[in-house]
Structure formats: C-alpha cells, structure tokens
Amino acid sequence: MVQLAAEGWSAPRIGAHLGWSAATVHRVLRAALQPRTQRHQVRLRRPQGPRVAGAQLQHPG
C-alpha cells in the first residue's frame with residue numbers, strides 16, 4: 001500500500017486494486033507515516049465476499 005501511494009495511486013484505487021476499503025488504506029498509510037515509537041499495530045481483516053472485479057495487477061499510467 002505504501003509503495004503504491006508513493007507511486008501516486010489514490011487510496012480508493014489502491015483499495016480496489018488490493019481488495020481493501022479506502023478507509024483501511026487510509027488507516028494503513030496514516031500508521032506508516034507515524035514515527036516508529038508512536039505506531040500502533042494496524043489490524044487488517046480481509047473483507048467478506050469475493051474480490052473486487054478487475055483487481056488484477058496493473059501499473060498506473
């Protein structure tokens with residue numbers, strides 16, 4: 001997620017690509033920006049149901 005954000009992907013696009021919600025992507029990116037001593041463990045839970053259609057690996061652009 002962090003790498004894709006660094007490459008200019010938006011949170012909704014990252015979420016759709018990886019099968020996560022945009023809110024989860026925002027939470028992970030915020031946690032990644034925190035100094036190491038202030039980071040809280042980010043718990044990720046897989047969404048229920050099938051993956052988002054069209055979520056194949058693609059390079060932006």
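Read-outs throughout are calculated quantities, based only on the coordinates presented, and are distinct from any laboratory measurement. Since the model is a prediction, treat every value here as computed from it, not as a measurement. All Cβ positions, glycine included, derive from the backbone under ideal geometry; neighbour counts span all protein chains shown.
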The extension gain from LEU18 to ALA32, computed as 0.36 nm times the residue separation minus the Cα-Cα distance, is 3.3 nm
Highest mean first, what order results for 5-11, 23-29 on Cβ atoms within 10 Å? 23-29, 5-11
